[in-house]
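Enquirer: Here it is, the structure, as structure tokens.
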């Protein structure tokens, strides 16, 4: 019955299909016959797999919907030319090409294209609406001050991919993350770093340094068996060569001894296992659908930016087979390529009949033998596991010992014998513990042993200093954990030689002491110079007063003008010398660290500036409550005073000045702000103002040292200092101060994290 029904439906579709096709061909386009050109701005070059597929998805939708929409494609080529020096000439070319052309919309593919389109929306593209796709590290500030812009964010599902990696490989201890140092590579690395708190207890992430492709492949060849590979972006290596997604997938898979996963569909079929993959073509398709709404008349700014991921679980059966991953372990609904045709599906009836007979005959035998088989398999698996474990310990470059609950050594690898300088495990066991420690480390050993006897917390990580057989002292980092050894609970102790690190730390401390001494000499020198400079300045100021008092009538108007200019220059030079000395002293000459009530401090500053604030008609607002911080009170006062006086200097003449001081608490920091409605600062000058002697408005009194002083003071207090400003509207200066009022509480919490509670008391310690 079902077969007959399907045949009927197929026959009806066969007959009506030509008619439907003809009707579709005869139907006029939705937008009329007028040709409308749409600019597709590609960040990269033809042949780059991601943007090619993304672009194909866009074109499929646009041309499939309306043949009168003509795509015009331009490439910025920023993968092969990442420094962007060619963009100025490219902009000039676009200006010439499209000066008489009006685009209905601009589709910007990936971050560089979006930035270029936004910056030149009015000049090059006639304020055409912009629809973007393929955007990494998106923030709302990217569209700040822009209108008629929307799109879809390239939301790769890193968390979903990492979860399936750990689910398919539960013994994983490390995920190796190759990436380049392009804008995209660094942006995706930040996304993974944000996930570390979520997965850090299960696995550690190792990111690559800048490498050539050859260096990376050699590093990958040395990966241990309990690791996985998750490349995020390796398009440009350290030498400047570029590589496509498929090429890197093939190279990584050929050289990696462990499974390689990804977040992009373009790498599937070239040696990766799979993952939760983002299809560039689907991503481009979804972006084009947003563009259709804009072309139909919707305002781009009224369409919300899309953040949802289009990623799907996709895998390669051939690679899964190589690493022993069964299909049953995959998430439901996963797409699997290269999957062979099932014999069962081809011969289902025959196989079902045969299986029924076989199962019936085998069930009795299975029930009789299953217990024996299970025991034998368990014994073999346990033996193999212990053999592999012993082999890995023997080959480990780190020193490893297995000790009993009483502290007796029952195993030591070759590396531990090399560390101590002994020839055999027996020699190690028979040498008294006291002889193998330095006096201080031996005293610490006895303290740890007594704590264990009292059932106190047993540290799983600590440092010791040992004496080798030849008398040489070495410093070791020790890690301890419980394990099963020959079916019994024992302790594994791992030793890492950190002698060279200790020596480097000691050398660093020596160098820091030398630098401090040199800084003291420099401060003394600067003080002497400033004193010697002040002496003639004082004399010049005295001669000014004498000349003005005794010869004012003889100088005339022009002479008096020159005299006042001399006085002003003397005062300016005196201020410059003072602030130069102050700048050199920050970080070397400091006041005592104390707890500072910022609210009280601001009231004191306001009282000192009350005449200036009243004279200028300043509305001074302090948000409450304000916290207490720890630091140098004089320096913190200098920060607030300089920022407030700076706001008064650079006030707008068109409106009354309003200064607001407030604070917000962040994780471990207080973020203070001083906000004004003054003249504002152009973006290209917002970094320059922190440089010494840099003053953008030459008509305003000062030497340009105030903000440089503030930046150094904040840096000395381990904080950050920055500005956000808009010309004509005002500026907000931000700086952070660490929250150090509860250091003791946080230190106690950290110490608790570095300890663990034993399930049973120990009677000894590893020797």
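The values are calculated or read from the model by the stated rules, or taken from the named source; none is laboratory data. Quick caveat: nothing in here was measured; it's all calculated off a predicted structure. With ideal geometry, Cβ positions are generated from the backbone for all residues, glycine too; neighbour counts draw on all protein chains shown.
Enquirer: Need a quick list: strands (runs of 3 or more DSSP E) entirely within the range 89-200 having at least 2 residues that are over 24 Å from residue 330 (Cα atoms) and at pLDDT below 90.
Expert: 130-135
Enquirer: Just need a number here: residues in the range 653-687 that are modelled with pLDDT of 90 or more and assigned to a strand (DSSP E or B).
Expert: 16
Enquirer: Kindly evaluate residue 239 against the criterion of being in a helix (DSSP H, G or I) and over 21 Å from residue 193 (Cα atoms). Break it down stepwise before answering.
Expert: Working: in a helix (DSSP H, G or I): no; over 21 Å from residue 193 (Cα atoms): yes.
Answer is no for this residue.
Enquirer: Same structure, new question: Scan the range 179-197 and tell me whether some residue there is within 26 Å of residue 683 (Cβ to Cβ) and loosely packed, with under 14 Cβ neighbours inside 10 Å.
Expert: Among the residues of the range 179-197, at least one is within 26 Å of residue 683 (Cβ to Cβ) and loosely packed, with under 14 Cβ neighbours inside 10 Å, which makes the answer yes.
Enquirer: Return the total of residues in the range 610-622 being part of a loop (DSSP other than H, G, I, E, B) and either surrounded by 17 or more Cβ atoms within 10 Å (Cβ to Cβ) or under 33 Å from the mean Cα position of the chain (by Cα) (or both).
Expert: Going residue by residue through the range 610-622, those that are part of a loop (DSSP other than H, G, I, E, B) are 617-618.
From what is left, the residues that are either surrounded by 17 or more Cβ atoms within 10 Å (Cβ to Cβ) or under 33 Å from the mean Cα position of the chain (by Cα) (or both) are 618.
Number satisfying all stated conditions: 1.
Enquirer: With respect to the numbered conditions (1) touching a residue at least 24 places away in the same chain (Cβ under 8 Å); (2) surrounded by fewer than 17 Cβ atoms within 10 Å (Cβ to Cβ); (3) more than 23 Å from residue 205 (Cβ to Cβ), which one is the sole condition not fulfilled by residue 283?
Expert: (2)
Enquirer: Also: Inside the range 63-79, can you point out the residues that are under 26 Å from residue 156 (Cα atoms), modelled with pLDDT of 85 or more and in contact with a strand residue (DSSP E or B) (Cβ under 8 Å, 6 or more places away or on another chain)?
Expert: Within the range 63-79, 73, 74, 75, 76 qualify.
Enquirer: For the list (1) more than 23 Å from residue 155 (Cα to Cα); (2) not in a loop (DSSP other than H, G, I, E, B), I need the number of the one condition that residue 277 fails.
Expert: The one condition residue 277 does not meet is (1).
Enquirer: Yes or no: residue 110 within 24 Å of residue 191 (Cα to Cα) and in contact (Cβ under 8 Å) with a residue 60 or more places away in the chain? Explain how you work it out, then say what you get.
Expert: Values: within 24 Å of residue 191 (Cα to Cα): yes; in contact (Cβ under 8 Å) with a residue 60 or more places away in the chain: yes.
Considered against the rule, which asks whether it is within 24 Å of residue 191 (Cα to Cα) and in contact (Cβ under 8 Å) with a residue 60 or more places away in the chain, residue 110 comes out as yes.
Enquirer: Got at least one residue in the range 289-298 being under 28 Å from residue 171 (Cα atoms), part of a helix (DSSP H, G or I) and touching a helix residue (DSSP H, G or I) at 6+ places or on another chain (Cβ under 6 Å)? Give the steps one after another, and end with the answer.
Expert: First pass over the range 289-298, keeping only residues under 28 Å from residue 171 (Cα atoms): none.
No, that holds for no residue.
Enquirer: Turning to a different aspect of this structure: Which one of 434, 451, 384 is at pLDDT 80 or above, part of a helix (DSSP H, G or I) and more than 40 Å from the chain's Cα centre (by Cα)? Write out each step before concluding.
Expert: On the way: 451 fails: at pLDDT 80 or above; 384 fails: at pLDDT 80 or above.
Being at pLDDT 80 or above, part of a helix (DSSP H, G or I) and more than 40 Å from the chain's Cα centre (by Cα) holds for just one of 434, 451, 384, which is 434.
Enquirer: Exactly one condition in (1) modelled with pLDDT of 75 or more; (2) out of contact with any strand residue (DSSP E or B) (no Cβ under 9 Å at 6 or more places or on another chain); (3) closer than 30 Å to residue 266 by Cβ is not met by residue 341; state its number.
Expert: Condition (1) is where residue 341 drops out.
Enquirer: Can you tell me which of 644, 636, 566 is farther than 26 Å from residue 734 by Cβ and modelled with pLDDT of 75 or more? Steps first, answer last, please.
Expert: Details: 644 fails: farther than 26 Å from residue 734 by Cβ; 636 fails: farther than 26 Å from residue 734 by Cβ.
None of the others qualify; the one that does is 566.
Enquirer: Residue 41 versus (1) more than 29 Å from the chain's Cα centre (by Cα); (2) within 20 Å of residue 146 (Cβ to Cβ); (3) not in a helix (DSSP H, G or I): which is the lone unmet condition?
Expert: The number of the failed condition is (1).
Enquirer: Do we have residue 719 as assigned to a loop (DSSP other than H, G, I, E, B), under 27 Å from the mean Cα position of the chain (by Cα), surrounded by 18 or more Cβ atoms within 10 Å (Cβ to Cβ) and modelled with pLDDT of 90 or more here?
Expert: Yes: the conditions hold for residue 719.
Enquirer: Output the number of residues of the range 299-329 satisfying the condition of being on the phi > 0 side of the Ramachandran plot and touching a helix residue (DSSP H, G or I) at 6+ places or on another chain (Cβ under 8 Å). Break it down into steps so the answer makes sense when it comes.
Expert: Kept after step one, since they are on the phi > 0 side of the Ramachandran plot, are these residues of the range 299-329: 324.
This time we only want the ones that are touching a helix residue (DSSP H, G or I) at 6+ places or on another chain (Cβ under 8 Å), so: none.
Adding up the residues that qualify gives 0.
Enquirer: Can you spot a residue in the range 579-599 that is assigned by TED's automatic domain parsing to the domain that holds residue 713, at pLDDT 65 or above and part of a helix (DSSP H, G or I)?
Expert: Yes, there is a match, as at least one residue in the range 579-599 is assigned by TED's automatic domain parsing to the domain that holds residue 713, at pLDDT 65 or above and part of a helix (DSSP H, G or I).
Enquirer: Name the residues in the range 588-605 that are surrounded by 18 or more Cβ atoms within 10 Å (Cβ to Cβ) and touching a strand residue (DSSP E or B) at 6+ places or on another chain (Cβ under 6 Å), would you?
Expert: The initial filter retains those residues of the range 588-605 that are surrounded by 18 or more Cβ atoms within 10 Å (Cβ to Cβ), namely 596, 598, 601-602, 605.
596, 602 - these are the residues of the range 588-605 that are surrounded by 18 or more Cβ atoms within 10 Å (Cβ to Cβ) and touching a strand residue (DSSP E or B) at 6+ places or on another chain (Cβ under 6 Å).
Enquirer: What's the number of the condition residue 271 fails, among (1) touching a helix residue (DSSP H, G or I) at 6+ places or on another chain (Cβ under 7 Å); (2) at positive phi; (3) buried (at least 24 other Cβ atoms within 10 Å of the Cβ)?
Expert: (3)
Enquirer: Kindly indicate the residue of the range 204-226 that is assigned to a loop (DSSP other than H, G, I, E, B) and either under 15 Å from the mean Cα position of the chain (by Cα) or free of Cβ contacts under 8 Å to residues at least 40 places away in the same chain (or both) and also farthest from residue 174 (Cα to Cα) among those meeting that condition. Write out each step before concluding.
Expert: Residues of the range 204-226 that are assigned to a loop (DSSP other than H, G, I, E, B), as a first pass: 208-212, 222-226.
Then drop every residue that is not either under 15 Å from the mean Cα position of the chain (by Cα) or free of Cβ contacts under 8 Å to residues at least 40 places away in the same chain (or both), which leaves 208-212, 222, 225.
Details: 208: 13, 209: 16, 210: 19, 211: 20, 212: 22, 222: 13, 225: 10 Å.
Result: 212.
Enquirer: Considering every residue within the range 636-648, establish whether at least one is in the same structural domain as residue 676 (by TED's automatic domain parsing), out of contact with any strand residue (DSSP E or B) (no Cβ under 7 Å at 6 or more places or on another chain), surrounded by 12 or more Cβ atoms within 10 Å (Cβ to Cβ) and more than 18 Å from residue 675 (Cβ to Cβ).
Expert: yes
Enquirer: In the range 92-147, what count of residues is obtained for those that are in contact with a strand residue (DSSP E or B) (Cβ under 6 Å, 6 or more places away or on another chain) and on the phi > 0 side of the Ramachandran plot?
Expert: 2
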